[in-house]
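Let me begin by presenting the structure, written as structure tokens, before commenting on it.
The values are calculated or read from the model by the stated rules, or taken from the named source; none is laboratory data. These numbers were taken from a predicted model, which means no experiment stands behind them. Cβ placement follows ideal geometry from the backbone for every residue including glycine, while neighbour counts extend to all protein chains displayed.
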Amino acid sequence: MEHLLTYVTFGPTAAALVLALLPERWERLHRWLALAVSLGLFALSLLIWKGFDPDITGFQMVDGPLAWIPQLGISYHLGVDGISLLLVLLTTLLIPVVILASWTSITEHVKGFHVSLLFLTTGMIGAFLALDIFLFYVFWEVMLIPMYFIIGVWGGARRIYAAVKFFIYTMVGSLLMLVAILYLAWFHHQLTGAWSFAYTDMLKTAPQLAMGTGLLSSPQLLVFAAFFLAFAIKVPMFPFHTWLPDAHVEAPTGGSIILAGVLLKLGTYGFLRFNRALFPAAWEAAVPLILVLAVVGILYGAWVAMVQPDMKKLVAYSSVSHLGFVMLGLAGGTLASTQGAVLQMVNHGLSTGALFLLVGVIYERRHTRLIADYGGIAGVVPVYTGIFLFVTLSSIGLPGLNGFVGEFLILAGTWAGHPLFVVLGALGVIFGAVYMLWMVQRVFWNPLVHEENRSLKDINLREVLAVLPLLVFIVWIGVHPTTFLSPMEAAVRLLLAR
Amino acid sequence: MPTHSDLVALAPELILILAAGVLLLVEAFLPRIRHAASGLALVSVAGAAWARLALPLPGAVWSGMLRVDRVTAFVDLYILVALFLSIWMAVGFLRRNGLDRAEFHALLLLAATGAMVMAASVNLLTIFLGLELLSMPLYVLNAYLRRVDVSLEAGLKYFVVGAFASGFLAYGAALLYGVAGSTDLATLAQSVVQEGRMTPLLAVGLAMFSGGLLFKLALFPFHGWAPDVYQGSPTPVTAFLSAVPKGAALVVLLRLVISMDLLHLTNRWLWAGALVAVASQFLGNIVAIVQRDIKRMLGYSGIAHMGYAMVGVIVGGTEGAGAVLVYLAAYTFMNMGAFAVIALLSESEREPHLIGDLAGQGWRRPIPALALTVCMFSLAGIPPFVGFTGKFLVFKSAVDAGLVWLAVVGVLNSLISAFYYLRVVYTLYMRPLPRREPAFPAGFSIGAAAATAAVAVVLAGIFPAPLIRAAEAAAQLFLG
């Protein structure tokens, strides 16, 4: 199929427009329609996977370039490589999960929720597939608006604060990135005499930016820093992470899944696609800083997660820790560590997405997420307990499940260059096991002291169906990671050769 | 004696003046058919726009005092669109307030004619004439809600400040005449370029002349009137005021700057211009954060927006001018849309237009609320709306001219502005409806104006190429 990438990107927009025209009171129709669209989208991305040739280096199934603002050399241009392929698959897998998870928890403005979610989907997929840096920026910013609404309208008590904080924090980074993009385009014009925002053109000219001596006298470092800030806030890397716990705690379950599962990945993806690929010299110079911030993030996130009384906040801080691993792998710079980092992006989306979903399941029943309000419920909700434990084990890296593969590749690949950081990072794996298992113990085992927990209902069929696809991939990646490692190998090799 | 082609070149202006005259006669002698006045006004605006598009653009006319070229055409169409939307909103607005009079539309048409003359002028005298024709009707229109105190205050304030501005401009023009011995801009530019440096006489003349224009643009340090006048004027007049005089004044400023190539003539121009731009941005955006009245807030935001546009003026050249023209178009659409929704969602003109009054309306009145939301995000410069396109081009022109820091200041200001634009959005959608729900009178035409503007904001944001092409083609001609 031609234009497959355009369909998968703008299919959700078309669906959102259709939904927007239907009356608000047909809530069931909105849910079912959105679910059907999201499943169709997943099918489309499976088609992309099927048509994807792992032996081709560079971008495939390219759509465009189609002149968009020809005066400035801006075009509509999409393409997929092994890295974006996995992330698009992850995104389209998570959308139906989000819709199912929100089936009964979103009761107000049902139409608005699904319209926002579908617009958000276009933004996310588009940002992964864009091959024009201006187009990328547009998709990147477009995501802000629906996510702002999802947190702010359907969120918890302090939702407005969290939504505005999310919006402003992200904007801080992205606006400076805009100036950097303008600078890159200007620089390309200086070198070649032509205006272009094409990613492939940037790959040629951006590395030629002068390195200079200090930060302030080095164009390459300054432009690098602008991109760095945008992505570091999104990841979020320590110390830019403070928006994340607020956003997660206030967001509805579906919002948290999408936020942790996909939006954070846009940060790490951006590091790889732009910082790493466009500015090799600046990246080389920044590796020590990234290593330090990554390890601090791993340990700090783990320690802070350990003392959280709120399950959702605990999972939120665990994200800071896990994304630290991804950054460690990117900074490691070897084939194994980079592949591990990309795989870990997917793993984190699966495991943390599932954890947020499961926390949402129990929250819907008891309207509390405090660990202290539970205890001893393993006997009351056995199926739920089993699934929760399974996901926990995946999150802490049990061999045979997905988390192990990613963490192992990252640590093994980084060992050769930076053994000290690997040792510190490995400590994070241990702390990760501590906080997760300690939470599981306090919630599911320990004596049952709260009477109201005796009548808790176990996870229902819809919720199982929502989490099941995640479990399938958790096992699949754990048992046979080659399925996912081989398509991205060519892309990662190409990137590291720069 | 004007020749035939002189008259043809001014056909759009003549159509508007003719229509204004007819409207005044209707009001005087046939008050029974005054409800048809707005229709006639809209038809005349459409006719003027058609005339501008269909008739040839001869260049210099009226003995070289006016230039009717693609620059003029771009700005004329911009003014006519703003005028059309203002009249459209005014239809419902006047009916609600029991002020449905033909003279209102006649005054708007005359003001727009003044702006168009000003935009076409390449002579200090005609610039002044245009400015006066633009300002006089506005003094009346500001105070049109004559039983509302704030409206009278707005009229008086705009009049006093406007008189100062005219004085500045006239005095500056006199000094510039002293420099060149001619009121013709091209002759003036020629003598400046020959001189090759900034003489004291030229500096003072330029400062006073552009000071008069800065008043009209509500730029620092001549911005003080804007919030009060925005707040007090009838909302359709505020909408008109926020777009049309600014467009005309910016074009005059661009003609001046580009013809003299000020950026390369003296670095004092850069510093003076940058001071105006940067101070306006910070002041407008920071003070807007604490406003509770949405019209006042947009008044401050307007100061900031002209601060962004000023960046393009400083850069000058084809690129800077093109960016400014796109910015103007963008600003008009989003501002018009915002004011139309404000006019629609306000219970009474006697009360302040508090942002808090919009609570929960996002779900109660989805279409106007969506239009306002689109305009707010666009004003904040978020893609894919046209406000982003404008900012993108202005900042791009700064980066290309080596003034990266001006672009950085601009984006930081966009960030500050997000605070107050977001407040409107979350009040609409995330705050609960108040217990006593406001009763908004119906206003189909206001809603239609709002929807049109919002659709334009989205479409021009997603497909900006035609707008950019038109602006660039026009900007080529600034160089003569």
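Go over the candidates A:Leu144, A:Leu131, A:Leu135, A:Leu175 one by one and state the one that is under 17 Å from the mean Cα position of the chain (by Cα) and of a type outside the set (Phe, Trp, Tyr).
A:Leu144
Spot the failing condition for A:Met124; the list is (1) within 26 Å of A:Leu47 (Cα to Cα); (2) within 14 Å of another protein chain (Cβ to nearest Cβ), and only one is missed.
(2)
For the condition aliphatic (A, V, I, L, M) and free of Cβ contacts under 8 Å to residues at least 60 places away in the same chain, what is the one hit in B:Leu53, B:Leu108, B:Leu85, B:Leu131? Write out each step before concluding.
Numbers: B:Leu108 fails: free of Cβ contacts under 8 Å to residues at least 60 places away in the same chain; B:Leu85 fails: free of Cβ contacts under 8 Å to residues at least 60 places away in the same chain; B:Leu131 fails: free of Cβ contacts under 8 Å to residues at least 60 places away in the same chain.
Just one listed residue meets the conditions, B:Leu53.
Quick one: which helices (runs of 4 or more DSSP H) lie wholly within segment A:196-292 and hold at least 1 residues that are within 30 Å of A:Ala316 (Cα to Cα)?
A:219-234, A:243-250, A:253-258, A:264-270
Need the failing condition index for B:Arg197 against (1) assigned to a helix (DSSP H, G or I); (2) touching a residue at least 60 places away in the same chain (Cβ under 8 Å); (3) not β-branched (Val, Ile, Thr), just the number.
Among (1) assigned to a helix (DSSP H, G or I); (2) touching a residue at least 60 places away in the same chain (Cβ under 8 Å); (3) not β-branched (Val, Ile, Thr), B:Arg197 violates only (1).
So which residues in segment A:185-194 are buried (at least 18 other Cβ atoms within 10 Å of the Cβ) and at the interface with chain B (Cβ under 10 Å from one of its Cβ atoms), if there are any at all? Spell out how you get there, then give the answer.
Our first condition is that a residue be buried (at least 18 other Cβ atoms within 10 Å of the Cβ); within segment A:185-194, this holds for A:185, A:187-188.
Residues satisfying the conditions are A:Ala185, A:Phe187.
Please find, within segment B:371-408, the residue that is surrounded by the fewest Cβ atoms within 10 Å (Cβ to Cβ) out of those that are more than 8 Å from chain A (Cβ to nearest Cβ) and over 23 Å from the mean Cα position of the chain (by Cα).
My answer is B:Gly402.
Please go through segment A:444-463 and give me each residue that is surrounded by fewer than 15 Cβ atoms within 10 Å (Cβ to Cβ) and among the charged types (D, E, K, R), ordered by number.
The answer is A:Glu451, A:Glu452, A:Arg454, A:Lys457, A:Arg462.
Any residue that is within 12 Å of another protein chain (Cβ to nearest Cβ) and more than 24 Å from the chain's Cα centre (by Cα) - is there at least one of those in segment A:218-227?
Scanning segment A:218-227 turns up at least one residue that is within 12 Å of another protein chain (Cβ to nearest Cβ) and more than 24 Å from the chain's Cα centre (by Cα).
I'd like to check something: does segment B:313-332 contain any residue that is within 13 Å of chain A (Cβ to nearest Cβ), among the polar types (S, T, N, Q), farther than 26 Å from B:Ser233 by Cβ and in a helix (DSSP H, G or I)?
Among the residues of segment B:313-332, at least one is within 13 Å of chain A (Cβ to nearest Cβ), among the polar types (S, T, N, Q), farther than 26 Å from B:Ser233 by Cβ and in a helix (DSSP H, G or I), which makes the answer yes.
Does segment A:327-341 hold any residues that are in contact with a Gly (Cβ under 8 Å, 6 or more places away or on another chain) and crowded, with 24+ Cβ neighbours inside 10 Å, and which are they? Give the derivation first.
Step one: list which residues in segment A:327-341 are in contact with a Gly (Cβ under 8 Å, 6 or more places away or on another chain), which gives A:327-329, A:332-341.
Residues satisfying the conditions are A:Met327, A:Leu328, A:Gly329, A:Gly332, A:Ser337, A:Thr338, A:Gln339, A:Gly340, A:Ala341.
How do the helices (runs of 4 or more DSSP H) wholly within segment B:49-166 filter down when requiring 2 or more residues that are among the hydroxyl-bearing types (Ser, Thr, Tyr): which remain?
On the way: elements: B:70-96, B:102-120, B:124-142.
Once the helices (runs of 4 or more DSSP H) in segment B:49-166 are filtered for at least 2 residues that are among the hydroxyl-bearing types (Ser, Thr, Tyr), what remains is B:70-96, B:124-142.
A:Ala36: over 20 Å from the mean Cα position of the chain (by Cα) and either of a type in the set (Gly, Ala, Ser) or modelled with pLDDT of 95 or more (or both), yes or no? Lay out the reasoning, then the answer.
Values: over 20 Å from the mean Cα position of the chain (by Cα): yes; either of a type in the set (Gly, Ala, Ser) or modelled with pLDDT of 95 or more (or both): yes.
Yes; evaluated as a whole, the condition is true for this residue.
Do we find that A:Thr107 is within 11 Å of chain B (Cβ to nearest Cβ) and either hydroxyl-bearing (Ser, Thr, Tyr) or within 28 Å of B:Lys396 (Cβ to Cβ) (or both) in this structure? Lay out the reasoning, then the answer.
On the way: within 11 Å of chain B (Cβ to nearest Cβ): no; either hydroxyl-bearing (Ser, Thr, Tyr) or within 28 Å of B:Lys396 (Cβ to Cβ) (or both): yes.
Criteria not met by A:Thr107.
Just to check your reading of the model, which residue among A:His3, A:His30 is touching a strand residue (DSSP E or B) at 6+ places or on another chain (Cβ under 8 Å) and either modelled with pLDDT of 90 or more or not polar (S, T, N, Q) (or both)? Please lay out each step first, then the result.
Details: A:His30 fails: touching a strand residue (DSSP E or B) at 6+ places or on another chain (Cβ under 8 Å).
Answer to the selection: A:His3.
Need the failing condition index for A:Phe139 against (1) within 29 Å of A:Glu108 (Cβ to Cβ); (2) more than 10 Å from chain B (Cβ to nearest Cβ); (3) not in a loop (DSSP other than H, G, I, E, B), just the number.
(2)
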